[in-house]
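Read-outs: derived from the displayed coordinates by stated rules, not from any lab. As the structure is a prediction and not an experimental result, all values here were calculated from the model. Note: ideal-geometry Cβ built from the backbone for every residue, glycine included; neighbour counts use all protein chains shown.
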Amino acid sequence: MDKIRFGIIGAGLRGILALGKTLLERPDCEILALADPNIERLKMAQGQLGGIPLRLHVDMRDLVAERDIDIVMVTSPDHLHGDHIVAALKAGKHVFADKPLAINTAQCKEIVRVSRETDRIVDMGFNLRYDAVCRKMKELVAGGAIGRLMLVENNDYYAGGRTYMCRWNRFYEKSGGLFCHKGSHDLDLINWLNPDGLPVTVSALAGVNVFTPEGLPFPLEPGEEAGPHCETCRVAYKCKDRHNNTVDMFHGKAPDCDGYHLDTCMYLSEKNTHDNGIAIVEYDNGMRASHSECFFTPLNERRFSLVGDRGHLDANTSTNCITVYPRWTKDRTEYRLSRPEGGHGGADPTMIETLIRNFRTRTIPFATLRDGTLSVAVAEAAERSRREGRTVKIDELLTRAELKDLFGQGKAL
Ligand SMILES: NC(=O)c1ccc[n+]([C@@H]2O[C@H](COP(=O)([O-])OP(=O)(O)OC[C@H]3O[C@@H](n4cnc5c(N)ncnc54)[C@H](O)[C@@H]3O)[C@@H](O)[C@H]2O)c1
């Protein structure tokens, strides 16, 4: 069987260490080229991929122009997704787009337009959909275990998210804000759990309460200064959040090339996103949902409480446990799930397996452009709400006609 040939735009943590390495493990896939403006990082990325022969491009336009690439994987920073996906589609390539699809709904609409025009497919990298707990939760809800879903409470407690404050992710202009950058996973999952409803209104509150200069987790003695990077910080030895930068792609010559450090002080860094926030969403079929996210928690887990008119379901991606409580009984059913090996609790290899299968059979992606657009729309509404202090209607971003149009699509979405 012919191998599926990939080109990766964005030779960073996700593109190389997570997805690139996942592709490398598959005998039916081949990576032909990488694009990243940082030539030093490109060379180190090639080393991370075992030194396989690769064409390295500092301009992604040269990668999308390569004739023998089947799928372009877009893992550049979020604010570049729009341009990079559109360029790949226009060059006749199918695309795997890591989340979020783009940083705002207008960019998503343009991607949808070009995808239709070129008849090329975009598969969304919503790995949470492939998580063992989330898949079982979806199966139970779709199978009627709790009746008609009415209320969702979802919490993303992500200690790892504190590193967003060290990188580009902390800037609204680059990530669309963290409801978009991180919340787009959960907001997609909530949309997925409620296939008969469309989001209508969103309200949100968010802020930075811990990753501030006042939040430094140790006292500074007179004359002492912290930052700007852990590697050079004279008081890093006191800091329990210090980053031990061990990834060679972000060491030595690579940051010299573009000034991009993974270890900018998360407390002193300038930022305009949030370190905790909550969004509530109402759907046109009466379902209501809340999504909260926190990046100074010591936990790394997602929790869901789903209530339907016939029961209640609690799920936790850290304990791998789902409990269903049917209404009007004292019964409960517990599901203990196991996870396959691989990134994101085994979700990444499953996602790539699905991508390959669907690509070979020309099947509609498991997570489509419609899903990517809808999750960005809810996230953008949440960002607007928290910035403007008001409830935001989804139709400010996507009209009902546009939503219906998105739903009506087949192959190209
Ligand atoms: N699905 C998930 O769970 C998940 C997890 C992490 C990251 N992501 C997504 O993956 C993407 C990359 O995130 P990351 O953490 O790897 O970031 P990163 O900073 O580690 O990597 C981004 C890379 O893109 C490169 N880049 C910058 N400008 C570019 C350009 N014009 N053309 C090509 N490359 C360019 C940078 O030099 C860097 O090497 C983001 O969209 C992020 O949201 C998804």
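Brief remarks follow.
- Fluctuation leader among Lys93, Lys238, Lys136 - the chain, Gaussian network, Cα springs under 10 angstrom: Lys238
- Among Phe295, Phe250, Phe218, the largest mean-square fluctuation in a Gaussian network model of the chain, built with springs joining Cα atoms closer than 10 Å, belongs to Phe218.
- Annotation: the residues Val247, Val95, Val208, sorted from fewest to most other C-beta atoms within 10 Å of their own C-beta, follow the order Val247, Val208, Val95.
- Taken along the Cα-to-beta-carbon direction at a fixed 7 Å, the label points for Thr212 and Thr399 span 4.3 nm.
- Region 1-43: trypsin sites (Lys or Arg not before Pro) in DSSP loop, at most 14 other beta carbons within 10 Å: Lys3
- Modelled FRET efficiency - R0 25 Å, Glu225 with Glu270, Cβ distances, 0.05 increments: 0.90
- Backbone geometry of region 287-300 corresponds, through the Karplus equation with coefficients 6.51, -1.76 and 1.60 at θ = phi - 60°, to 3J(HN,Hα) couplings of 6, 10, 9, 10, 10, 10, 9, 9, 10, 10, 5, x, 8, 10 Hz, x marking Gly and Pro.
- Helical content alone sets the calculated 222 nm signal of the chain at -9000 deg cm²/dmol, taking -39,500 (n - 2.57) per DSSP H segment of four or more residues and averaging over every residue.
- Partner lysines for Lys138 [C-alpha distance under 30 Å; skip if fewer than 8 residues away on the same chain]: Lys21, Lys99, Lys109, Lys182, Lys330, Lys393, Lys404, Lys411
- Asp123 long-range amide H proximity, modeled H, under 5 Å: Val95, Phe96, Ala97
- Among Gly207, Gly252, Gly176, residue whose mean-square fluctuation peaks in a GNM of the chain (springs only between Cα atoms under 10 Å): Gly252
- Anisotropy class of region 260-413 from Cα gyration tensor, a/c 1.5 cut: rounded
- Measuring nothing but how far apart in sequence close Cα pairs (under 8 Å, 6+ apart) lie, relative to its length, region 1-66 scores a relative contact order of 35 percent.
- Here the simple spin-label model places points 7 Å from the Cα toward Cβ, and for Glu117 and Lys138 these points are separated by 3.1 nm.
- In terms of its alpha-carbon gyration tensor, region 63-220 comes out oblate; a/c meets the 1.5 threshold, while b/c is at least as large as a/b.
- Normalised by the number of residues in region 4-127, the average gap of Cα pairs under 8 Å and 6 or more apart makes the relative contact order 24 percent.
- In terms of other Cβ atoms within 10 Å, His261, His291 run from fewest to most in the order His261, His291.
- Potential lengthening between Lys240 and Thr319 on full extension [0.36 nm per residue; Cα-Cα distance subtracted]: 25.9 nm
- Pair-distance profile P(r), taking every C-alpha pair of region 4-51, with 5 angstrom steps and integer %: 5, 23, 39, 23, 7, 2
- For region 202-348, the relative contact order comes to 18 percent (Cα pairs under 8 Å, sequence separation of at least 6).
- Estimated inter-spin distance, Asp62 and Asn285, nm [label 7 Å along Cα→Cβ]: 5.0 nm
- Using the alpha-carbon positions of the chain, Rg (one decimal) and Dmax (whole number) come out as 21.5, 67 Å.
- Couplings 3J(HN,Hα) of region 351-356, computed from phi: 5, 5, 4, 5, 4, 5 Hz, in residue order, whole Hz [Karplus 6.51 cos²θ - 1.76 cosθ + 1.60, θ = phi - 60°; x for Gly and Pro].
- The share of C-alpha pairs in region 4-127 whose separation exceeds 26 Å stands at 13 percent.
- The convex hull around the C-alpha trace of region 334-411, projected and averaged over every direction, spans 8.4 square nanometres.
- Chain lengthening between Glu334 and Arg360 when straightened (0.36 nm per residue, less Cα-Cα): 5.7 nm
- Karplus-derived 3J(HN,Hα) values for region 192-200, using 6.51 cos²θ - 1.76 cosθ + 1.60 with θ = phi - 60°, are 5, 5, 10, x, 8, x, 10, x, 10 Hz; glycine and proline are entered as x.
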